[in-house]
Amino acid sequence: MNIIIVGCGKIGSTLVEELSGENHDISIIDEKADIVQKLANRYDVLGVIGNGASYNILVEAGIEDADIVIAVTNSDELNLLCCLIAKKAGNCETVARVTNPVYYQEINFIKEEMGISMVLNPELGAASEIARLLRFPSAVEVNAFSKGQVEMLKYRIPVGSKLNGMNLIDVSDQLNCEVLICAVERKKELIIPSGTFELKEKDFISFVARPNHAMDFFRKIGEKGNQVHDTIIVGGSKIAFYLSELLVSSGINVKLIDIDYDTCENLSTTLPRVVVIHGNGMDHDLLLEEGIQECDAFISLTNHDEENIFLSLYVQSQSDAKLVTKVQKLNYSAMIERLELGSMIYPEYLTAQYLVQYVRAKQNSIGSNIENLYKLVDGRAEALEFHIQKGSPVIGKPICELPIISNLLICSIYRNGKATIPKGQDELKEDDLVVVVTTKKGLHDVKDILKKG
């Protein structure tokens, strides 16, 4: 596909990295010449220096032949204008990043009147991700599939767990739980396990289950099964605004701390059910006074990665609270991993991941369509959800008879409003939503799960 990416910040750069390995013709636009040059040389893409809302600049980037224009600059207005001009100048799909809550309340009107294909809100996406995590405090990651009826959760097996030494085939039988463990990370090794695989303490496991079954699984292995009740957030960012709205609507008590008085005043007006505190979140006396030792969850959302990490480290020493730490620099992940800070949220990476899903969905054949895509284990595996359509080659045969490629597992089937974990004799049918996990990169269509020839 011919793709134009406007804005080479964290989201744009991550998107170029993700899509450049998938055989697309990519053009990038940004006003910063050094960033454009660096990305163009590294990923062999066409770099154009200039304003992405300029007709002439879009022409130089190849708008007349473009299939998709993705505008992800830090300016909502520039992104919307860029998409409007791109739509007039070329016959293409348009995607705009819009983060301002005022605009987002009018998003349906904006999309319809401007003809924008999709509007992305990274801050709202990150907030939704955190809200899912707080429903399962024991999980490190939670990803939703099949209209929320199926979730994939990542969990680290602690020392002394009853899962230690248990074979996968025994997990469902002995615990009487409807879960499917579909990936295991052991030290640096990633495994798509078989039924005889033996779990060990300190393994990171990814498993698929319906939400109520996931809670049951956590309870039976001695972990917290219910969502949190009291949360402290440090940092009055847009993510904090969206997250606070989501949490209070779910009946969770929220305290929000920020050092800027005007920010606090604005948040206290727009979030009347949230306790907003003007103060320095790095002040440990303030944190103790506001109850970090008693809270169920602590979320660090300042604009500085180092502050967020230090905050989580301190709270970890004072409390058993569920920790969620926002990090913007992806290259920090390897260093942070050993600190065991609970759940890490990378908003820009989440957005880039969603855009990769969108691009792949646009180039599928007639047999299926990608509904969801999540990168697992630092991108070494993918979880994909396919919508099976008429004519797909996977329809009508038992799963055990399908010539499925190696290192791929079919994890769930959603049919007629119900999700099930499939067995070998189950068949895939038209209109099913099917989740697969694989270490093979770049699947675009459900037929790609089958061996060639």
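Brief remarks on what is shown
- Any hit, region 231-241, residues being part of a loop (DSSP other than H, G, I, E, B), out of contact with any Gly (no Cβ under 8 Å at 6 or more places or on another chain), basic (Lys, Arg) and open to solvent by 20 Å² or more (accessible area, probe 1.4 Å): no
- Of the strands (runs of 3 or more DSSP E) lying entirely inside region 125-201, the ones with 1 or more residues being crowded, with 21+ Cβ neighbours inside 10 Å and of a type in the set (Phe, Trp, Tyr) are found at 141-145, 150-156.
- Given (1) open to solvent by less than 20 Å² (accessible area, probe 1.4 Å); (2) within 30 Å of Gly236 (Cβ to Cβ); (3) small (Gly, Ala, Ser), number of the condition Ser27 does not satisfy: (2)
- The number of residues in region 205-230 being touching a Lys or Arg at 6+ places or on another chain (Cβ under 7 Å), open to solvent by 30 Å² or more (accessible area, probe 1.4 Å) and part of a strand (DSSP E or B) comes to 0.
- Selection from region 71-92 of residues that are crowded, with 18+ Cβ neighbours inside 10 Å and acidic (Asp, Glu): Asp76
- For first residues located in region 166-180 and free of Cβ contacts under 8 Å to residues at least 40 places away in the same chain, partners that are of a type in the set (Gly, Ala, Ser) and lie 6+ apart or on another chain with Cβ distances below 6 Å form the pairs Leu168/Gly195; Ile169/Gly195.
- Any hit, region 246-260, residues being part of a loop (DSSP other than H, G, I, E, B) and in contact with a helix residue (DSSP H, G or I) (Cβ under 6 Å, 6 or more places away or on another chain): no
- If only residues of region 276-310 that are small (Gly, Ala, Ser) and in contact with a strand residue (DSSP E or B) (Cβ under 6 Å, 6 or more places away or on another chain) are counted, the one that is surrounded by the fewest Cβ atoms within 10 Å (Cβ to Cβ) is Gly279.
The values are calculated or read from the model by the stated rules, or taken from the named source; none is laboratory data. All values derive from a computational prediction rather than experimental measurement. Note that each Cβ is placed from the backbone with ideal geometry, even for glycine, and that neighbours are counted across all protein chains shown. Side chains are part of the model used for accessible areas, which takes the heavy atoms of the whole protein and leaves out ligands, DNA and RNA. Shrake-Rupley method; radii C 1.70, N 1.55, O 1.52, S 1.80 Å.
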